[in-house]
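Since the structure comes first, as structure tokens, the remarks are kept for the end.
No value in this document is a laboratory result; all are computed from the given coordinates. All values reported here derive from a predicted model rather than from experimental measurement. Don't worry about glycine lacking a Cβ; one is built from the backbone with ideal geometry, like all the others, and counts go over all protein chains shown.
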Amino acid sequence: MSGMSSGRRRGAERPTREQLEAARGAAVPDVAGPGPAVLFCGINPGLYSGWAGLHFARPGNRFWPALHRSGFTPRLLRPDEQHLLPGLGLGITNVVARVTARADELTPDELREGGRALAERVARYRPGVLAVLGVTAYRAAFAEPRARIGFQEGAEVGGAPVWVLPNPSGLNAHWTPEAIAAELRAVRERFGGGPAEESPRSS
């Protein structure tokens, strides 16, 4: 599946309902090289992403626009350009690999087990910071019921510090695109990443 992860669905093609349902239970491969400045972590892929084989692929998801507005990418990338992220010191993974229609279909056990598996991947990738896109999932996966959006003082996952960000899904409507971008910008200002930028942690 990893060979299909960079844009196996492109252009104006849109999935049928049957194709989306067939994506249930699939997985979307991580996009990450060694030592990224920031490893973004979604909750789990939705049906559209599972069908496309790409992260944050559903039209209306604010991840890619927020990534650009915050300065992490020099232009607005399409989901099928996710392979460009490692060159910018960025990566993407998920707490849980399994594709579902909604994140609330995941069980507490799945989230906890996903947190354990995530810690192992983070230790392997060695990012400057793990940026988890969804406070509810972070609370459940890592038994941190009082966690709030922002840098998690004293917390580590797989040896990396943790920053919790808003879920960029269009369902999370009370977070505007501008507010999501502002949170991502704060991560970049502290940990680096993006075009022609030297990570602050190397200075």
Percentage relative contact order, the chain, counting C-alpha pairs under 8 Å, at least six apart | 26 percent
Please find, in a Gaussian network model of the chain (springs between Cα atoms separated by less than 10 Å), the residue of 30, 104, 80 whose mean-square fluctuation is greatest.
-> 104
Is it possible to state the helix-based mean residue ellipticity at 222 nm for the chain, with each DSSP H run of 4+ residues giving -39500 (n - 2.57), the sum divided by total residues, to the nearest 500 deg cm²/dmol? What is it?
-> -8500 deg cm²/dmol
Can you pull the one-decimal nm distance between simple spin-label points at residue 98 and residue 113, each 7 Å off the Cα toward Cβ?
-> 0.7 nm
Computed on Cα atoms, the radius of gyration and Dmax of region 85-203 in angstrom are 14.3, 43
Cα-derived Rg to Rh of the chain, Kirkwood definition = 0.93
Extension gain from residue 172 to residue 18, taking 0.36 nm per residue of separation minus the Cα-Cα distance | 52.9 nm
